[in-house]
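Asker: My structure is below; once you've seen it, I'll send some questions.
Derivation of every value follows stated rules applied to the coordinates shown; laboratory data play no part. These numbers come from a predicted model, not from an experiment. Counting neighbours? That spans all protein chains shown, and the Cβs are built from the backbone with ideal geometry, glycine included.
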Amino acid sequence: MSSSSFRRLVRFVPVSDPKKILLGQPIDEDVDVGLALRNGGAVEVDVFSGSSVLDPGHATGHVATIKRLLSPVAAHEVGTIRCIGLNYKQHAKEVGLQIPEVPSVFLKPCTALGDPWPSPTPLPKLTQKDDCGDYEAELAIVLGKRAKNVSKEEAMDYVLGYTACNDVSSRTSQFAQSQWSFSKGFDGSCPLGPVLVSTSVIEDPSTLRIRGFKNKELLQDCGTD
């Protein structure tokens, strides 16, 4: 389905039936879903007929209230999570490194996918041992169809939408080796969500701002350029 068929999608467990998983669009077009739920508010959703953001169907007019948010994309729908290191100018400046001419790419497995707050992010004992667990707020790009041998000019035709991501790492393991997949690929190390935003809403993802908070303290604030 074209991303123009929706503006924002959430995948969630409804208050009415904790055994169900539903997909839909927030009725309030301007509500910050994650913040509203964090503040104890009720977020109502127009339920869609489909069960996947890859094929969401249509709005049914049935209204459900969110009990628990889930990742917009289910783990079984994800082959691999492809990540780019030093992808923001400000981050590269903070760590004192030059942005490489050839992007540094690493992978997270589908088992790294996690749900957004308030679902906990598990930290393995390896990370807890020396308190080396770390986080990075990121912009995630969700593809709506298989892409291979795609030209630069056609690339955006494959993008379904955008969502927020937390790149959780074991820094000790990361700095001990040149490959990052182990240190960043633990189960649940990639919480995603809460909302998938259509490309029709975000026309230029390079003009966004990303902020990361820890216990309400702002620790990351940068642009996506």
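Asker: Highest mean first, what order results for 121-127, 139-145, 22-28 on Cβ atoms within 10 Å?
Answerer: Top to bottom by mean Cβ count within 10 Å: 22-28, 139-145, 121-127.
Asker: Counting other C-beta atoms within 10 Å, and keeping those with at most 10, which DSSP coil trypsin sites (Lys or Arg not before Pro) do you find in the range 1-85?
Answerer: Sites meeting the loop and neighbour criteria: LYS19.
Asker: Within 10 Å, count the other beta carbons around each residue, average over each peptide in 193-200, 53-60, and list them highest first.
Answerer: Order by mean packing, descending: 193-200, 53-60.
Asker: Something else now. Using Cα pairs closer than 8 Å and at least 6 residues apart in sequence, work out the relative contact order for the chain, in percent.
Answerer: This gives 21 percent for the chain.
Asker: Next question, about the same structure. Please find the FRET efficiency linking GLN179 to ARG7, where r is the Cβ-Cβ separation and R0 is fixed at 35 Å, and quote it to the nearest 0.05.
Answerer: It comes to 0.35.
Asker: Taking the Cα-to-Cβ direction at THR80 and at ASP17 and moving 7 Å from each Cα, how far apart do the two end points lie in nm?
Answerer: Distance between label points: 3.8 nm.
Asker: What does the highest-first list of 211-220, 42-51 look like by mean Cβ count within 10 Å?
Answerer: 42-51, 211-220
Asker: Continuing with this model, one more query. Send over the semi-axes of the range 75-223's equivalent ellipsoid, whole angstrom and largest first, taken as the square roots of 5 times the C-alpha gyration tensor eigenvalues.
Answerer: Working from the Cα gyration tensor, I get semi-axes of 24, 18, 17 Å.
Asker: Provide, for the chain, the number of lysine pairs with alpha carbons under 17 Å apart, each pair being eight or more places apart or on different chains.
Answerer: 5
Asker: Quick one: check the C-alpha center-to-center distance for the range 168-225 versus the range 124-143, whole angstrom.
Answerer: 8
Asker: Another question, then. Given Cβ point charges of +1 (Lys, Arg) and -1 (Asp, Glu) and nothing else, what value in debye, to the nearest 20, does the dipole of the range 103-225 about its Cα centre take?
Answerer: 360
Asker: Further question: Taking neighbour counts of Cβ atoms within 10 Å as a proxy for exposure, in what order, fewest first, do SER178, SER183 appear?
Answerer: Ordered from fewest to most neighbouring Cβ atoms within 10 Å, SER178, SER183 come out as SER178, SER183.
Asker: Can you give me the distance in nm between label points at ASN87 and GLU203, each placed 7 Å from the Cα along the Cα-to-Cβ direction?
Answerer: My value for the distance between the label points is 2.3 nm.
Asker: Could you work out the mean projected area of the convex hull around the alpha carbons of the range 29-106, in square nanometres to one decimal?
Answerer: Mean shadow area of the hull around the Cα atoms is 8.4 nm².
Asker: Just need the relative contact order of the range 1-48 here, percent rounded to a whole number, with Cα pairs under 8 Å and 6+ apart.
Answerer: 32
Asker: How big is the dipole moment of the chain about its Cα centre under a simple scheme where the beta carbon of each Lys and Arg is +1, that of each Asp and Glu is -1, and everything else is neutral? Debye, nearest 20, please.
Answerer: With only Lys, Arg, Asp and Glu charged at Cβ, the dipole is about 620 debye.
Asker: Using DSSP, restrict attention to beta bridges with both residues in the range 75-223 and report what percent are antiparallel, rounded to the nearest 5.
Answerer: Of the beta bridges lying entirely in the range 75-223, close to 90 percent run antiparallel.
Asker: Please compute the contact order of the range 99-173 in relative form: average sequence separation of alpha-carbon pairs under 8 Å and at least six residues apart, divided by the residue count, as a percent.
Answerer: Relative contact order of the range 99-173: 34 percent.
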